[in-house]
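Pasting a structure here, questions to come.
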Amino acid sequence: MLGIDNNSFIIISAAFGLLCGFLFFSVRIGFPKSIAGLSEWGWACFLMVVAALGFTMRGKVPVLFSSYLPNLLIPAGVVVMHRSLALFGKSASSERPLLALLGGASVALGWATFIADDYGVRVIIVSALLTVLFAACAALIGRYQTKRFPERFTCSVYVATAAVMAARCISALLHQGRLTLENDTSTIHDVYIFAFPFSLVAMSLGFLLMANRALQGRLESQALHDPMSGTYRRDAFLETVEREISVSQRHGSAMSLLMMDLDNFKAINDGHGHLVGDKVIVDFAARVTQLLRTQDVIGRYGGEEFVVLLPQTGIDAALAIANRIRTCIAESNAPGVPPYTVSIGAACLDMNNPELLSLLDAADKALYAAKRAGKNCVIAAPMQTSGSLP
């Protein structure tokens with residue numbers, strides 16, 4: 001036996017829970033609403049604080065408040081944690097099965113508390129319920145699409161805590177009929193009590209790391225992407241092209257660039273208003289993105305002008321993609337968006353002069369040639385009429 005003072009650890013649990021709760025409510029204020037679940041986690045911590053305070057009142061208040069309700073508030077807090085994890089991960093997971101399980105346990109616990117007054121049965125019910133709930137939280141994190149260190153760490157804490165709860169349940173089953181509050185001094189009981197405050201802190205730390213990683217990813221995305229169209233910003237796009245030029249030089253592979261400009265866009269803004277013009281920008285970016293391959297990259301070059309990077313693509317294939325884009329836009333008929341067209345200039349990387357500025361200049365000149373040719377057309381840069389996929 002470890003000789004742990006139960007009340008001391010219960011008070012520590014309450015203090016840790018209170019600290020974690022205030023931390024998450026404070027963090028919630030500074031985080032964007034798209035990172036969900038922080039407030040729910042705070043409420044979960046507070047439920048466990050109330051439960052811990054109830055346990056410290058044994059012998060001083062009725063058993064309803066010192067045993068029955070605290071034994072239900074802890075699993076209720078874990079259910080709220082599960083809800084928090086589901087909101088954070090944008091999971092469709094429902095808490096209804098867990099709530100149904102909690103409801104059934106509340107009935108069984110009521111019998112064991114007020115009718116049979118069996119401490120051992122209460123331990124079995126609560127520890128078995130917590131095993132399932134902690135395991136459900138771990139399983140939920142395991143279904144996240146993105147799993148980095150914060151997710152793996154938090155999941156492992158849930159698994160370890162579920163294992164402690166299961167061991168506690170098995171121990172109580174083995175001592176069924178002989179287990180009382182007074183003689184429940186086994187090592188597994190001490191580990192069970194010891195695990196709660198530190199598991200709560202570890203889970204909260206893991207979830208905070210997950211939220212921080214999500215915030216970092218959001219900020220990185222905002223730095224790289226145009227907020228209106230969702231495409232790459234000009235500087236981020238050009239950095240990507242620079243890297244692809246280096247790859248093309250190393251491997252001797254072709255690479256093409258499309259420079260695109262929406263025709264008569266000023267007339268759309270003047271005739272329909274800037275809000276409609278914004279809808280045209282969004283519509284165009286969405287349609288082009290759907291037509292591109294996984295390796296292709298689209299960026300907003302400025303205003304109504306967009307650029308597309310086509311890795312490992314010769315000029316003939318680039319022209320085919322450009323014509324698909326032009327045709328799709330000319331035939332589009334989106335609600336609330338007036339008809340519009342696009343002119344496109346295409347250029348292939350010249351291995352004799354593999355420079356970013358030269359490639360951009362060639363595509364830009366081809367674009368203005370398309371404008372002069374009557375718009376709504378695709379033109380390749382001079383000396384780019386032959387070529388194919390490598």
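Along the range 87-101, what does the Karplus equation 6.51 cos²θ - 1.76 cosθ + 1.60 (θ = phi - 60°) give for ³J(HN,Hα), rounded to whole Hz, x for Gly and Pro?
These are the phi-based 3J(HN,Hα) values: 5, 4, x, 6, 8, 7, 4, 9, 8, 4, x, 5, 5, 5, 5 Hz.
Additional query: If you build the Cα gyration tensor of the range 218-276 and take the root of 5 times each eigenvalue, what three semi-axes come out, in whole angstrom, biggest first?
Details: eigenvalues 196, 63, 7 Å².
Calculated on Cα positions only, the semi-axes equal 31, 18, 6 Å.
Okay, moving on. Mind listing the long-range amide H neighbours of Met255? Cut-off is under 5 Å, sequence gap 5 or more, other chains count too, H placed in the peptide plane at 1.01 Å from N.
Thr313, Leu349
Please list, in order along the range 360-374, the HN-Hα scalar couplings obtained from phi with the Karplus expression 6.51 cos²θ - 1.76 cosθ + 1.60 (θ = phi - 60°), rounded to whole Hz, x for Gly and Pro.
Rounded to whole hertz, the list is 5, 5, 5, 5, 5, 5, 5, 4, 6, 5, 5, 5, 5, 7, x.
Next question. How big is the equivalent ellipsoid of the range 257-300 along its three axes, where each semi-axis is √(5λ) from the Cα gyration tensor, reported in whole Å from largest to smallest? Don't skip to the end; give the middle numbers.
Details: eigenvalues 113, 24, 9 Å².
Result for the range 257-300: semi-axes of 24, 11, 7 Å.
Also, quick follow-up: Return the ratio Rg/(2.2 N^0.38 Å) for the range 48-98, where Rg is computed over Cα atoms only.
Numbers: Rg = 14.1 Å, N = 51, 2.2 N^0.38 = 9.8 Å.
Against the empirical 2.2 N^0.38 Å value, I get 1.43 for the range 48-98.
Would you mind telling me the share, in percent, of accessible area of the range 233-390 contributed by carbon and sulfur at probe 1.4 angstrom? Let's see the in-between values first.
On the way: 3900 of 7640 Å².
The value for the range 233-390 is 51 percent carbon and sulfur by accessible area.
Right, another one. Which values, in whole Å and largest first, are the semi-axes of the equivalent ellipsoid of the range 1-113 obtained as the square root of 5 times each eigenvalue of the Cα gyration tensor? List each step's numbers first, then the result.
Numbers: eigenvalues 151, 77, 22 Å².
Values for the range 1-113, descending: 27, 20, 10 Å.
Please report, in whole Å³, the volume per residue of the convex hull around the C-alpha atoms of the range 68-217.
Numbers: hull volume 14.7 nm³, N = 150.
Expressed per residue, the convex hull around the Cα atoms of the range 68-217 is 98 Å³.
Next question. Rank these residues by their accessible area, most exposed first, probe 1.4 Å: Leu200, Leu173. Let's see the in-between values first.
Working: Leu200 10, Leu173 100 Å².
Result of the area sort, largest leading: Leu173, Leu200.
Here is a follow-up. Report for the range 291-390 the percent antiparallel among DSSP-assigned beta bridges with both residues inside it, nearest 5. Could the numbers behind the result be given before it?
On the way: 5 of 8 bridges.
About 60 percent, rounded to the nearest 5.
Would you kindly calculate the translational diffusion coefficient of the range 226-316, applying Stokes-Einstein with the Kirkwood radius from alpha carbon pairs, for 25 °C and a viscosity of 0.890 mPa s, and quote it in µm² s⁻¹ without decimals?
The diffusion coefficient I find is 175 µm²/s.
Moving on to the next point. Can you compute the modelled spin-label distance between Asn352 and Phe198, with each label point 7 Å from Cα toward Cβ, in nm?
7.1
What does the highest-first list of 263-272, 20-29, 76-85 look like by mean Cβ count within 10 Å? Each step should come with its number before you reach the end.
Details: 263-272: 14.9, 20-29: 17.0, 76-85: 23.7.
Taking the mean over residues of other Cβ atoms within 10 Å, the ranking is 76-85, 20-29, 263-272.
Looking at (i) 26.8; (ii) 25.3; (iii) 21.4, which value of Kirkwood radius over Cα pairs in Å comes from a calculation on the structure shown?
The value matching this structure is (ii).
Classify the range 98-181 as rounded, prolate or oblate from the Cα gyration tensor: take a ≥ b ≥ c as the square roots of its eigenvalues, call it rounded if a/c is under 1.5, otherwise prolate when a/b beats b/c and oblate if not. Mind showing how you got there, number by number?
Numbers: a/c = 4.60, a/b = 2.05, b/c = 2.24.
Oblate shape, in that a/c is at least 1.5 and b/c is the bigger or equal ratio.
Another question, if that's okay. Order 51-57, 248-254 from most to least packed using the mean count of other Cβ atoms within 10 Å.
Numbers: 51-57: 20.1, 248-254: 13.9.
In descending order of packing, they fall as 51-57, 248-254.
Could you check what % of the DSSP bridge pairs in the chain are antiparallel, to the nearest 5? Show your work: numbers first, answer last.
Numbers: 20 of 25 bridges.
Around 80 percent of the beta bridges assigned by DSSP in the chain are antiparallel ones.
5 Å is the cut-off here: which amide hydrogens, built 1.01 Å from N in the peptide plane, fall below it relative to Tyr232, excluding neighbours closer than 5 in sequence?
Asp226, Ile298, Gly299, Arg300
The values are calculated or read from the model by the stated rules, or taken from the named source; none is laboratory data. Everything numeric in this text was worked out from a predicted model, so none of it was measured. In this analysis, Cβ positions are derived from the backbone assuming ideal geometry, glycine residues included, and neighbour counts consider all displayed protein chains. Surface accessibility is based on the protein's heavy atoms, side chains included, excluding ligands, DNA and RNA. Shrake-Rupley method; radii C 1.70, N 1.55, O 1.52, S 1.80 Å.
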